[in-house]
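Just so it is clear, none of the values below were taken in a lab; they were calculated from the coordinates. None of the values given here were measured: they were computed from a predicted structure. Positions of Cβ are backbone-derived with ideal geometry, glycine not excepted, and every protein chain shown enters the neighbour counts.
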Amino acid sequence: MYGYNGAIKVTGSMDFKEAYYGPSFAFGTEIWSFLKNKYFNIELILPLRPSEFKTDYDELKDMGVEFKVPSIPIAFSLGYHFAF
């Protein structure tokens with residue numbers, strides 16, 4: 001997939017917001033039930049963020065910005081398909 005896979009938004013005395021675009025690779029499986037056309041979908045997503053994301057993140061941390069949520073290198077997806 002290709003799209004935005006990272007975002008930073010800082011509020012308060014300094015305004016900063018930026019979205020970062022790049023490819024993401026997903027690995028997963030579908031777990032089918034005995035009910036036709038209904039299944040779970042589990043995925044592990046690996047975003048390939050551009051170097052600007054890491055640079056901006058580190059610079060903001062060095063400037064004293066506190067992030068509520070740390071930047072993690074992977075994402076998880078859990079879904080349930082109940083109709084087509």
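Determine, yes or no, whether L44 is exposed (fewer than 10 other Cβ atoms within 10 Å of the Cβ) and of a type outside the set (V, I, T).
Taking the combined requirement at face value, the residue does not satisfy it.
Got a number for residues in segment 10-31 being exposed (fewer than 12 other Cβ atoms within 10 Å of the Cβ) and either within 22 Å of T55 (Cβ to Cβ) or among the hydrophobic types (A, V, I, L, M, F, W, C) (or both)?
Keep residues of segment 10-31 that are exposed (fewer than 12 other Cβ atoms within 10 Å of the Cβ), which gives 11-15, 17, 25, 27, 29-31.
Now restrict to residues that are either within 22 Å of T55 (Cβ to Cβ) or among the hydrophobic types (A, V, I, L, M, F, W, C) (or both): 11-15, 17, 25, 27, 31.
Result for segment 10-31: 9.
Could you grab me the full set of residues in segment 1-20 that are part of a strand (DSSP E or B), touching a Phe, Trp or Tyr at 6+ places or on another chain (Cβ under 9 Å) and either over 29 Å from Y80 (Cβ atoms) or not hydroxyl-bearing (S, T, Y) (or both)? Quick ask: steps written out before the conclusion?
Of all residues in segment 1-20, those part of a strand (DSSP E or B) come to 2-10, 16-20.
The next check asks that each one be touching a Phe, Trp or Tyr at 6+ places or on another chain (Cβ under 9 Å); those that pass are 2-10, 18-20.
Answer for segment 1-20, where residues must be part of a strand (DSSP E or B), touching a Phe, Trp or Tyr at 6+ places or on another chain (Cβ under 9 Å) and either over 29 Å from Y80 (Cβ atoms) or not hydroxyl-bearing (S, T, Y) (or both): G3, N5, G6, A7, I8, K9, V10, E18, A19, Y20.
Look at segment 28-81 and say how many of its residues are within 29 Å of K9 (Cβ to Cβ), among the aromatic types (F, W, Y) and not in a loop (DSSP other than H, G, I, E, B).
Counting residues in segment 28-81 that are within 29 Å of K9 (Cβ to Cβ), among the aromatic types (F, W, Y) and not in a loop (DSSP other than H, G, I, E, B) gives 3.
Looking only at segment 47-84, which residues are among the hydroxyl-bearing types (S, T, Y) and loosely packed, with under 10 Cβ neighbours inside 10 Å?
If we filter segment 47-84 for residues that are among the hydroxyl-bearing types (S, T, Y), which is where we start, we get 51, 55, 57, 71, 77, 80.
Hit for segment 47-84 is S51, nothing else.
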